[in-house]
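Novice: If you scroll down you'll find the structure; I have some questions about it.
The values are calculated or read from the model by the stated rules, or taken from the named source; none is laboratory data. This one's a predicted model, so the numbers in the text were calculated from it and none came from an experiment. Positions of Cβ are generated from backbone atoms using ideal geometry, with glycine treated the same way; all protein chains shown enter the neighbour counts. Side chains are part of the model used for accessible areas, which takes the heavy atoms of the whole protein and leaves out ligands, DNA and RNA. Shrake-Rupley method; radii C 1.70, N 1.55, O 1.52, S 1.80 Å.
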Amino acid sequence: MADASTNLKSLLPPVELRRPPVVENNRGLGWLTDKLSAFAEGKIPLWWWAFFLPSAFCATVILPFCLFYQVTTGVGVWGNNHPVMWGLDIVNFIWWVGVAHAGTLISALLFLTRQHWRTTIGRMAEAMTVFSVMMAGLYPAIHVGRAWFDWFMFPVPNSNGLWPQFRSPLMWDVFAVNTYVMVSMLFWFMGMIPDFAVLRDRSTTRVRKGIFSILAMGWTGSASQWHHYEKAYVVLCGLCTLLVFTVSSIVGLDFCTAQIAGWHATIFPLYFVIGAVFCGFGMVLVLLIPLRKWCGLEDIITMSHIDKVAKLALVAGLIIDYIYAMEFFIAWYSGDTYERWVFGHRLFGHTYMVLGWMLIGINVLVTQLLWFKKIRSSLLALFIIGVLINIGMWTERFVIVVGSLYQDFLPANWGHYMPTIWDIGIYVGTLGTFFMLYLLFVKFLPVIAISEVKGATPQGNPHHPLGGAKGGKH
């Protein structure tokens with residue numbers, strides 16, 4: 001036996017050349033099943049209620065009240081005015097679309113590139129994508145003014161031959177967001193089917209067993225089912241990866257097809273894609289770090305995983321910094337008086353100068369802290385940086401939208417924008433709804449992909465020297 005163990009160890013690469021394990025402490029398959037199912041099967045902890053109740057209040061009281069008042073009164077309750085026809089409605093729409101993108105990127109693109117470390121955080125990111133896109137889709141529905149005519153935005157023919165105006169950027173947003181919602185929800189749900197079967201088989205009550213039996217859709221884990229599942233999963237990964245680039249590109253085209261100084265730049269589609277990914281990675285850090293501690297998932301969501309997310313955020317941040325530099329350079333090099341005016345006033349104007357410098361200070365300077373291993377090893381530092389990234393990217397969208405509109409071509413058309421309590425109330429309501437849905441997901445559904453994590457461990461790989469029934473703590 002000693003000789004066999006020595007031979008197995010000789011097949012492994014030196015310690016310094018090995019990749020960090022997906023699951024630490026050589027945990028066995030049985031332990032993983034118990035651990036990853038425990039939170040969904042156990043009692044609701046106090047910390048969950050502490051976050052759920054305020055979120056539910058925002059989602060069920062503040063948001064419906066603000067929406068009812070806005071729909072029955074009109075969009076005049078917002079701070080939008082002439083010339084700032086777009087305010088927090090479009091700012092928050094772009095921000096929510098951005099939050100959604102890192103989830104799809106982690107789950108889909110990293111799956112296609114066979115990055116096994118994504119298995120422990122992919123499910124959390126997918127849920128973030130679904131709930132964020134739902135919040136983003138709310139804004140096109142309400143900022144048209146008359147929400148009862150929202151069906152005009154869909155290509156539904158009628159007796160009068162009425163069709164939507166396909167040249168309107170609003171139509172692009174509707175098609176992009178609806179496609180993203182449907183594909184993301186299908187991708188998220190299909191990935192959970194094997195885990196629904198696990199919870200079904202572990203259920204101790206008829207209600208739970210009945211619910212998870214419906215959700216599992218007859219999953220038995222046969223070779224035929226796994227074959228079709230993996231083929232469909234790859235197809236959905238390809239679709240989701242394309243949507244990461246197309247959705248934000250379409251949102252960017254809303255701006256760059258206009259003639260407003262500060263908007264009409266061909267770099268906007270790429271600008272919005274990278275900004276969305278950067279913002280999304282910040283939200284991943286905000287959600288991942290507390291859940292790792294409170295759910296006791298330190299062996300599964302390792303510091304190596306968090307370090308990789310921080311590095312990806314750094315890469316996206318560096319690209320954003322380059323785009324910022326190019327924006328100012330192009331504005332100066334173009335010689336356009338209006339372009340120079342807009343970009344100069346973003347940093348040196350008297351109205352929104354603080355937001356302009358906040359944008360640079362967070363998205364450019366704070367991001368550079370991620371170069372340091374010591375920072376990437378500090379959970380508190382990464383959590384704070386994640387929060388700041390989301391604040392910085394929201395500020396960026398505000399500066400782009402309002403900073404380009406409030407001082408138009410003629411001084412006689414200049415105005416000032418200030419959001420009202422109804423603007424802020426709807427945004428707070430969407431934040432509460434997002435966190436309420438996310439907390440419900442964390443409590444009642446498998447928050448980590450059980451089958452995928454098992455497949456990425458040595459014990460789940462029969463061809464690995466330590467795989468099969470060899471080794472592993474149970």
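Novice: If each DSSP helix of 4+ residues adds -39,500 (n - 2.57) and the sum is divided by the residues in the chain, what number results at 222 nm, nearest 500 deg cm²/dmol? Mind showing how you got there, number by number?
Specialist: Details: 17 runs with 303 residues, N = 474.
The per-residue figure over the chain is -21500 deg cm²/dmol.
Novice: Using a cut-off of 12 Å between beta-carbons, work out the net charge of the residues near L285 (Lys and Arg +1, Asp and Glu -1, L285 not included).
Specialist: On the way: positive: R292, K308, K311, R376; negative: D307.
Value of the local net charge: +3.
Novice: Using a 1.4 angstrom probe with every protein chain in place, what is the largest-first accessible-area order of F175, F434? Display every interim value, and only then the final one.
Specialist: Values: F175 75, F434 0 Å².
Output order, biggest surface exposure first: F175, F434.
Novice: Here's another thing I want to ask about it. For Cα pairs less than 8 Å apart in space and 6+ apart in sequence, what is the mean separation divided by the residue count of the chain, i.e. the relative contact order in percent?
Specialist: Values: 614 pairs, mean separation 150.9, N = 474.
In percent, rounded to a whole number, it is 32.
Novice: Considering only Cα-Cα distances, which of the following residue pairs are longer than 29 Å: K209/K454; K43/K209; K374/K443; K293/K454? Intermediate results must be reported in sequence, preceding the final value.
Specialist: Values: K209/K454 23 Å; K43/K209 17 Å; K374/K443 32 Å; K293/K454 21 Å.
From the list (K209/K454; K43/K209; K374/K443; K293/K454), the Cα-Cα distance tops 29 Å for K374/K443.
Novice: Find the accessible area per residue for the chain; the probe is 1.4 Å, ligands and nucleic acids are left out, and the unit is Å².
Specialist: On the way: 21980 Å² over 474 residues.
Dividing the accessible area of the chain by its residue count gives 46 Å².
Novice: Ranked by accessible surface with a 1.4 Å probe, highest first, in what order do W332, W78, W31 come?
Specialist: Details: W332 145, W78 15, W31 55 Å².
My answer, sorted largest first, is W332, W31, W78.
Novice: Report, in degrees rounded to the nearest 10, the 0 to 90 angle that the Cα long axis of helix 29-41 makes with the longest principal axis of the chain.
Specialist: It is inclined by approximately 50 degrees.
Novice: Provide the solvent-accessible area of F149, counting protein heavy atoms only and rolling a 1.4 Å probe, rounded to the nearest 10 Å².
Specialist: F149 exposes around 80 Å² with every protein chain in place.
Novice: Between the helical axis of 63-73 and the dominant principal axis of the chain, each derived from Cα atoms, what acute angle in degrees is found, rounded to the nearest 10?
Specialist: Relative to the chain, helix 63-73 is tipped by roughly 30 degrees.
Novice: Note down the relative contact order for region 65-156 as a percent, whole number, built from C-alpha pairs under 8 angstrom at least six residues apart. Numbers along the way, then the final one.
Specialist: Details: 68 pairs, mean separation 32.0, N = 92.
After rounding, I find 35 percent.
Novice: Further question on the same structure: Report in % the part of the accessible area of region 171-318 that belongs to carbon and sulfur, leaving out ligands and nucleic acids; probe 1.4 Å. Spell out each step's value before the answer.
Specialist: On the way: 4300 of 5940 Å².
Here it works out to 72 percent.
Novice: Restricting attention to the alpha-carbon atoms of the chain, what are Rg (one decimal) and Dmax (integer), both in Å?
Specialist: 24.4, 89
Novice: Going by accessible area, probe 1.4 Å, with all protein chains left in place, what is the ranking of L445, L318, L88, largest first?
Specialist: On the way: L445 35, L318 60, L88 10 Å².
Reading off the accessible areas and sorting them downward yields L318, L445, L88.
Novice: Once the mean 1/r over all distinct Cα pairs of region 59-148 is inverted, what Kirkwood radius in angstroms do you read off?
Specialist: Result for region 59-148, one decimal place: 15.0 Å.
Novice: What do you get for the angle between helix 206-216 and the principal long axis of the chain? Use alpha-carbon atoms, 0 to 90 degrees, nearest ten.
Specialist: Roughly 70 degrees, rounded to the nearest 10.
Novice: Is the shape of region 35-103 rounded, prolate or oblate, going by the alpha carbon gyration tensor and its root eigenvalues a ≥ b ≥ c, with a/c under 1.5 for rounded and a/b larger than b/c for prolate?
Specialist: On the way: a/c = 4.35, a/b = 1.96, b/c = 2.22.
It is oblate, given that a/c is not under 1.5 and a/b is not larger than b/c.
Novice: Report the label-to-label distance for F328 and R208 in nanometres (one decimal), using points 7 Å from each Cα along the Cα→Cβ vector.
Specialist: Each label point lies 7 Å from its Cα, and together they span 5.7 nm.
Novice: Can you give me the solvent accessible area of M303 with a 1.4 Å probe, rounded to the nearest 10 Å²?
Specialist: 60
Novice: Still on this structure, I have one more. Which value in nm describes the separation of the simple spin-label points at V144 and I375, placed 7 Å from the Cα toward the beta carbon?
Specialist: 4.4
Novice: Follow-up. Would region 144-294 count as rounded, prolate or oblate if I go by the C-alpha gyration tensor, calling it rounded below 1.5 in a/c and otherwise prolate when a/b exceeds b/c, oblate otherwise?
Specialist: In terms of gyration-tensor shape, prolate.
Novice: Could you give the distance between the Cα centres of region 339-394 and region 52-131, to the whole Å?
Specialist: Here the answer is 20 Å between Cα centres.
Novice: For region 222-297, compute Rh as the Kirkwood radius over C-alpha pairs and then the Stokes-Einstein diffusion coefficient at 20 °C and 1.002 mPa s; write the answer in µm²/s, rounded to an integer. Write out the running numbers ahead of the final one.
Specialist: Values: Rh = 15.4 Å.
Rounded, D is 139 µm²/s.
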